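Read through the structure below, which is laid out as structure tokens, and then see the notes.
The values are calculated or read from the model by the stated rules, or taken from the named source; none is laboratory data. Fair warning: this is a prediction, and the values are worked out from it, not measured in the lab. All Cβ positions, even for glycine, are placed from backbone atoms using ideal geometry, and neighbour counts span all protein chains on display.
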């Protein structure tokens, strides 16, 4: 199809995810046609710096021929077979490799096709584990406000974003509870009176919630190492260590949702390893294949797997394309690339340089805070120290920034799920040149936005 034909077909037939069917501002979508390294090109030939790695996904960068060749070779050998009763070599090899990389005793791997399925699997596994050990009332989960854990009906329960849950409330099960976020600038849980910074005392809110609900009814706590939605909330020192103690005290499972934070994004193979805590289960997806094929899964501790080793026991859950042999082959090739080039180590080594570039934006009156770690940052915006009105926020994020950042050559996320932020998560192959370009484009765009705001 020509670019014009693609535009017309997209307008008439393609329903985009989390997007207005009529298009943003009456325009059709930008059609991304190819990629190489940290850059992508649209159907008109315009180049963009991919500051979001697709969607927090493309760790190894675009255009990796050896990963593509691994997919083709596997498809020629065994295009498909399920992991129901049977197994296949790439699924076995990947499970063994991930278990060898994972922290502690996370030695069992249940493979899915993506992150929402992984979170769904972890909740179901927690429920069936407690049934198996005779604690039949443990069904509830605790997560954080604003946190995104998926948009399927089961995972939407765990997600803490009211706006995307509201239409579906009659269909949700009411078994989730939510606690405060670790907001470094204003954590009302840590400082109810002064709205001061997060001191990690908000971990205690998790214990208060467990006690209030009845520990015998709570199955699991789901937490991201660095919370994505709301703009890269980094926990205070000791937060996760205290959460681990609380979970152990009350017999609750700790699930580390690392769909975004695993595979180098935070400067380690796993976010929990970077932050120094041991989960009972760990959900993953995205970066495990760098997006070259869909794959996700759950790493499970030996303790949680033990009841299922009984000869008559089975986990009553399965997904047709979970652990697809081509996806597993892609994951193995992707991990080869990431290990050979030490991309997690690269993210750790260069995170200060990336942060330094972003911190130069703090002199702008529209920038309140830069937060994050590794290759995962949020830039929170402010109207000269005051909050935006709803109309201003709508104009800024949906109307102005989303368009102007793209026009200026940067793909990133302008998000209002919480305070307005720009989010960045470039491919791990990015370096100082890309950092400087990102900061430069954002500076130019925010100066334009500030001028427009003053004139409104």
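When the residues of the range 24-74 are filtered to those that are part of a loop (DSSP other than H, G, I, E, B) and more than 25 Å from the chain's Cα centre (by Cα), which remaining residue is nearest to residue 11 (Cα to Cα)?
28
Applying the selection to the range 96-125, what residues are more than 20 Å from the chain's Cα centre (by Cα), under 20 Å from residue 324 (Cβ atoms) and without any contact (Cβ under 8 Å) to a residue 40 or more places away in the chain?
Hit for the range 96-125 is 96, nothing else.
Out of the residues in the range 398-421 that are buried (at least 21 other Cβ atoms within 10 Å of the Cβ) and without any contact (Cβ under 8 Å) to a residue 60 or more places away in the chain, which is farthest from residue 48 (Cα to Cα)?
420
Looking only at the range 268-291, how many residues end up being out of contact with any strand residue (DSSP E or B) (no Cβ under 7 Å at 6 or more places or on another chain) and part of a loop (DSSP other than H, G, I, E, B)?
Final tally of qualifying residues: 8.
Do you know which residues across the range 239-250 are under 22 Å from residue 371 (Cβ atoms) and either touching a residue at least 60 places away in the same chain (Cβ under 8 Å) or touching a helix residue (DSSP H, G or I) at 6+ places or on another chain (Cβ under 8 Å) (or both)?
The initial filter retains those residues of the range 239-250 that are under 22 Å from residue 371 (Cβ atoms), namely 239-243.
Result: 239, 240, 242, 243.
Do you know which of the residues in the range 350-371 that are touching a residue at least 12 places away in the same chain (Cβ under 8 Å) and more than 21 Å from residue 444 (Cβ to Cβ) is surrounded by the most Cβ atoms within 10 Å (Cβ to Cβ)?
371
Determine whether residue 143 is part of a strand (DSSP E or B) and in contact (Cβ under 8 Å) with a residue 24 or more places away in the chain.
Against the criterion (part of a strand (DSSP E or B) and in contact (Cβ under 8 Å) with a residue 24 or more places away in the chain), residue 143 qualifies.
Results for (1) more than 24 Å from residue 347 (Cβ to Cβ); (2) touching a residue at least 24 places away in the same chain (Cβ under 8 Å); (3) touching a helix residue (DSSP H, G or I) at 6+ places or on another chain (Cβ under 7 Å); (4) surrounded by fewer than 23 Cβ atoms within 10 Å (Cβ to Cβ), shown as yes or no for each residue.
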residue	(1), (2), (3), (4)
218	yes, yes, yes, no
227	no, yes, no, no
234	no, yes, no, yes
252	yes, yes, yes, no
259	no, yes, yes, no
263	no, yes, yes, no
272	no, yes, no, no
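Would you call residue 182 assigned to a helix (DSSP H, G or I) and free of Cβ contacts under 8 Å to residues at least 60 places away in the same chain?
no
Using the structure shown, decide if residue 316 is more than 14 Å from the chain's Cα centre (by Cα) and either surrounded by 24 or more Cβ atoms within 10 Å (Cβ to Cβ) or in a loop (DSSP other than H, G, I, E, B) (or both). Show your work before the answer.
Numbers: more than 14 Å from the chain's Cα centre (by Cα): yes; either surrounded by 24 or more Cβ atoms within 10 Å (Cβ to Cβ) or in a loop (DSSP other than H, G, I, E, B) (or both): yes.
Spelling it out, residue 316 is indeed more than 14 Å from the chain's Cα centre (by Cα) and either surrounded by 24 or more Cβ atoms within 10 Å (Cβ to Cβ) or in a loop (DSSP other than H, G, I, E, B) (or both).
Checking the condition in contact (Cβ under 8 Å) with a residue 12 or more places away in the chain, exposed (fewer than 15 other Cβ atoms within 10 Å of the Cβ) and closer than 25 Å to residue 271 by Cα, which residue from 93, 44 passes?
The conditions single out 93.
List pairs: first residue in the range 16-38 and at pLDDT below 90, second residue loosely packed, with under 10 Cβ neighbours inside 10 Å anywhere in the structure, Cβ distance under 9 angstrom, at least six positions apart or on different chains.
If the second residue must be loosely packed, with under 10 Cβ neighbours inside 10 Å, the pairs left are 21/15.
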